[in-house]
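These notes are about the structure you will find just below.
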């Protein structure tokens, strides 16, 4: 068993004997060890299970299900948030991050992790909202400002993109965080070629050691300048400085390969053992520092934000399909190409699809609650459902809408959900939902809409209950 496995076993033993809350320090220590072993997905899954645990508590006004962690939930929540930055992102993780952000609105670690998760999940408008909140928690942080500039560029909001990128890069240069400057400088150059002189000035001011470390990223900036037709003698100077650099040192993988070859060589060819080195491979050091740093108000958030590389135009096209998102549209969910599956073979029973826009403005940082879900999570789930629906992903949209419907019936959500059921040929669910929606519309006095709802269901399937209710509503409306 590995060290982390032993620690997890001990944490589980403490939880079984003394309760989950008493095992919180042991779980934090165990998941830290898992992070060092690059088992972050497994660590995040363990922490998510703890955060989602419920037990029934009795009170003066009856019993209810609560998380047994009590005030220590924030400790596990922060650990979960930090480790998600090294783990795979999915909708379940995003939902839990959103809930934690609502519970801990001023915790910079959790809010930054939520922002980064939304960014990696390609929910650009939501990521902008969250990064802007983080900017208030940690003002004058270049990494957050530059990231916002990149996101605004993705949304084709170029004036804001240029402003944030310039401010962010300036802060990064002043703080001597040279490792991210080239990537953000390239984004600025692509967004606003007229800022090439400032990009050149930043690159020229790199110290020799930083210039050598970031040679590949700087070379990409030079390529972007050439692609943009920027033929300036100063770019030739950057190229000359790059070409004068000594060859890069061997990577950790090359060193490991060489070491293995030496160990497997015949003894007569083996040299004397080398002296032990205190240096560790770069990847190992990053794994440790990624969770060791803590961001708090007034401190730099660089370690929390910079480990996600800015997305390239090609990556954006892969995420969002052939057309780039615009200022007024929310991009489709990751993995969607913007076209419904089987769209090249129209079905006679396919419903006429309506485009649904999010019910909350993209710029709103305090969306209105829907049903019984926390406001932020409800708005996020609604936007995710609308985005999937508009992309033709009826299955993904239905999952989001069903989550909202369970929290409380809403005709504005039931309407697109009904179309999802029909598109997926879930006719039994469509009939049940259609009856519920039609009754709600009839009670609101809109008999014409109620009749149209049931008529839509009957276009795709025959259901005795729907037919009977449709006949009653038609008679009542005449």
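The values are calculated or read from the model by the stated rules, or taken from the named source; none is laboratory data. What you are looking at is a predicted structure, and each value in this text was computed from that prediction instead of being measured. Positions of Cβ are backbone-derived with ideal geometry, glycine not excepted, and every protein chain shown enters the neighbour counts.
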Quiz item: Any residue in region 123-136 that is farther than 30 Å from residue 190 by Cβ and either in contact (Cβ under 8 Å) with a residue 12 or more places away in the chain or in the same structural domain as residue 177 (by TED's automatic domain parsing) (or both)?
Solution: no
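Do you know which residues across region 172-182 are crowded, with 19+ Cβ neighbours inside 10 Å and in a helix (DSSP H, G or I)?
Of everything in region 172-182, those that are crowded, with 19+ Cβ neighbours inside 10 Å and in a helix (DSSP H, G or I) turn out to be 172, 181, 182.
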Exercise. Run down 25, 105 and say which single residue is surrounded by fewer than 17 Cβ atoms within 10 Å (Cβ to Cβ), more than 16 Å from the chain's Cα centre (by Cα) and assigned by TED's automatic domain parsing to the domain that holds residue 143.
Key: 105
Quiz item: Are any of the residues in region 375-383 within 29 Å of residue 91 (Cβ to Cβ), surrounded by fewer than 21 Cβ atoms within 10 Å (Cβ to Cβ), touching a residue at least 40 places away in the same chain (Cβ under 8 Å) and out of contact with any helix residue (DSSP H, G or I) (no Cβ under 6 Å at 6 or more places or on another chain)?
Solution: yes
